[in-house]
């Protein structure tokens, strides 16, 4: 019972318990595309951190919106899938160097450290006091 005497709302169980289950049980069978050219896929999709992140975001949103009456799934298509799918499977997405049968490890860009005196740290006092940032958002501009 809640504080007002009502029974607590039941939280529905997810349909899938892991992103891999959702991928194999829903995503791949539902969203088939001709691979090569415009659409890319890697059979070792789990080797791509960006793909895991995007697929997990899609799955979590799907689990919530599938339960919404009326336009829940339409909202998921519009706000989530229609944005993520062309990035995920696109020619410049996380699978751009792979094929369905061949994984190629993506090359991580090099990020050299800046010289020691490169950053203006005189404004770091704003980091310690969030109120200053809220009253003077220009304080972080260089």
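Annotations
- Scanning region 74-85 for residues that are in contact with a helix residue (DSSP H, G or I) (Cβ under 6 Å, 6 or more places away or on another chain) and within 15 Å of residue 27 (Cα to Cα) yields 76, 80, 84.
- When restricted to residues that are assigned to a helix (DSSP H, G or I) and at pLDDT below 95, region 87-101 contains 0.
- Scanning region 1-50 for residues being part of a loop (DSSP other than H, G, I, E, B) and within 17 Å of residue 85 (Cβ to Cβ) gives a total of 11.
- The set of residues in region 102-142 being surrounded by fewer than 10 Cβ atoms within 10 Å (Cβ to Cβ), in a helix (DSSP H, G or I) and modelled with pLDDT under 55 consists of 138 alone.
- Identity of the residue in region 1-18, surrounded by 10 or more Cβ atoms within 10 Å (Cβ to Cβ) and under 16 Å from residue 66 (Cβ atoms), that ends up modelled with the highest pLDDT: 16
- Taking each residue of region 13-38 that is in contact (Cβ under 8 Å) with a residue 60 or more places away in the chain and looking for partners that are in a loop (DSSP other than H, G, I, E, B) and surrounded by 12 or more Cβ atoms within 10 Å (Cβ to Cβ) with beta-carbon atoms closer than 8 Å, six or more apart or interchain, yields 35/41; 35/99; 35/100; 36/99.
- Residue match in region 51-70 (condition: more than 16 Å from the chain's Cα centre (by Cα), farther than 21 Å from residue 27 by Cα, in contact (Cβ under 8 Å) with a residue 40 or more places away in the chain and in a loop (DSSP other than H, G, I, E, B)): no
The values are calculated or read from the model by the stated rules, or taken from the named source; none is laboratory data. Given the structure is predicted, the values throughout are model-derived calculations rather than measurements. Here Cβ is always computed from backbone atoms with ideal geometry, including for glycine, and neighbour counts include all displayed protein chains.
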